[in-house]
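Structure record follows, encoded as structure tokens.
The values are calculated or read from the model by the stated rules, or taken from the named source; none is laboratory data. None of the values given here were measured: they were computed from a predicted structure. Neighbour counts are summed over all protein chains in view; Cβ atoms, including those assigned to glycine, are modelled from backbone coordinates with ideal geometry. Side chains included, ligands, DNA and RNA excluded: accessible areas come from the protein's heavy atoms. Shrake-Rupley method; radii C 1.70, N 1.55, O 1.52, S 1.80 Å.
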Amino acid sequence: MGNILFATGNKGKAKEVKQIFKNSGFDILSLSDINFKEEIIEDGETFEDNAFIKAKAIYDKFKVPVIADDSGLEVDQLGGRPGIHSARYAGENCTYDDNNRKLLDELKFFDEPHPARFVCCAIYYDGQNKIVENGELKGNIISDKKGDKGFGYDPVFVPENYDKTFAELELEEKNKISHRAAAFKKLMESLVKKIS
Ligand code: ITT
């Protein structure tokens, strides 16, 4: 059913979403697949604002159907932080390790468990149609990193009813339950209904 450009520079996200769309009839190309490296300024106040800023910027540039997501981690004891600031929690140009260290340092002042949720807003935009779907997954932040798969906060997040972190799960396992998978599976279904 054609190509869709995924407006992300995050290779971890791209891998997950390509796997979700694998047998859908849509081919997903990420920005690194087309060697697009310009930064898109995400200055929205919500996940949905930022997801649409990315989708629209890439649609306006290439005039092809686009998907985008904005996602993050909300920790109860931190009043929902890092939230929309998840990617740059420890500052401009920080690494995933910097972010995890900052998060764990802050949580040292609180008793366990540290309940949290991953959230994702996924958007499809083709200049005419706009589809928005959300996904969420509850879990807990643990006090030491475990596992080396995935990206971002995966090594410190244990999904509810699991005893492994996201970074210890295979991509296929993460994609059965993740916030991103929930949002993009709904998006894919809405897309098939609307576009085909
Ligand atoms: P793009 O904007 O280019 O898509 P990004 O990494 O900047 O890439 P976001 O602005 O949506 O993406 O920020 C999401 C951040 O939230 C991401 O960098 C991680 O730190 C965290 N995050 C989101 N989903 C995650 C997941 O499934 N596992 C671990 N961390 C995640």
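Each part gets one Cα centre, and for the stretch 94-169 versus the stretch 59-83 those centres are 13 Å apart.
Using the Cβ atoms and a cut-off under 9 Å, what net charge is assigned to the surroundings of G139, where Lys and Arg are +1 and Asp and Glu are -1? Walk me through the numbers before you get to the answer.
Values: positive: R117, K138; negative: E160.
Spelling it out: positives minus negatives among the neighbours equals +1.
Ordering V17, F6, N50 by Cα displacement along the dipole of the stretch 1-60 toward the positive end leaves V17 in first place; charges were set at the Cβ atoms of Lys, Arg (+1) and Asp, Glu (-1).
Look at the alpha carbon pairs under 8 Å that are at least 6 residues apart: their mean separation over the length of the chain gives a relative contact order of 19 percent.
By how many nm would the segment from E170 to F36 lengthen if fully extended, with 0.36 nm per residue of separation less the alpha-carbon distance?
Numbers: separation 134, 0.36 × 134 = 48.24 nm, distance 2.81 nm.
So the extension gain works out to 45.4 nm.
For the chain, the percent of C-alpha pairs falling in each 5 Å distance bin, counted from 0 to the bin holding the largest distance, reads 1, 8, 16, 21, 20, 15, 10, 5, 2, 1, 0.
Evaluating 6.51 cos²θ - 1.76 cosθ + 1.60 at θ = phi - 60° for every residue in the stretch 26-35, the Karplus couplings come out as 9, 9, 9, 10, 9, 5, 6, 4, 9, 6 Hz, glycine and proline recorded as x. Angle of helix 47-62 to the longest C-alpha principal axis of the chain, folded into 0 to 90 degrees and rounded to 10: 40°.
Using unit Cβ charges (K, R positive; D, E negative) and no other charged atoms, how large, in debye to the nearest 20, is the dipole of the stretch 67-196 about its Cα centre?
The dipole magnitude comes to about 440 debye.
Assuming charge only on the beta carbon of Lys and Arg (+1) and of Asp and Glu (-1), the dipole of the stretch 94-142 about its Cα centre is about 80 debye to the nearest 20. Pairs exceeding 32 Å between alpha-carbon atoms, taken from K56/K146; K15/K145; K11/K164; K164/K194; K11/K186; K22/K61: K56/K146; K164/K194. Applying the criteria of a DSSP loop state and at most 16 other Cβ atoms within 10 Å to the chymotrypsin sites (Phe, Trp or Tyr not before Pro) of the stretch 131-196 yields F151, Y162.
Charge tally around L104: other residues with Cβ under 10 Å, Lys/Arg +1 each, Asp/Glu -1 each, net +1. Note on K15 and E112: the model spin-label points, each 7 Å out from Cα along the C-beta direction, lie 2.7 nm apart. Each Lys or Arg adds one and each Asp or Glu subtracts one; over the other residues with Cβ under 14 Å from the Cβ of K61, this totals 0.
For the stretch 1-40, the per residue solvent-accessible surface stands at 55 Å², with DNA, RNA and ligands left out and a 1.4 Å probe. What GluC sites (Glu not before Pro) does the stretch 90-196 have in DSSP loop regions with at most 15 other beta carbons within 10 Å? Filter output for the stretch 90-196: E92, E160, E170. Positive-end ranking of C121, Y96, S86 along the dipole of the stretch 63-131, with charges on Cβ about the Cα centre, is headed by C121.
Counting only DSSP beta bridges whose two residues both lie in the chain, roughly 80 percent are antiparallel. For the stretch 36-136, the list of trypsin sites (Lys or Arg not before Pro) that fall in a loop by DSSP and count at most 12 other C-beta atoms within 10 angstrom reads K37, K63, K108.
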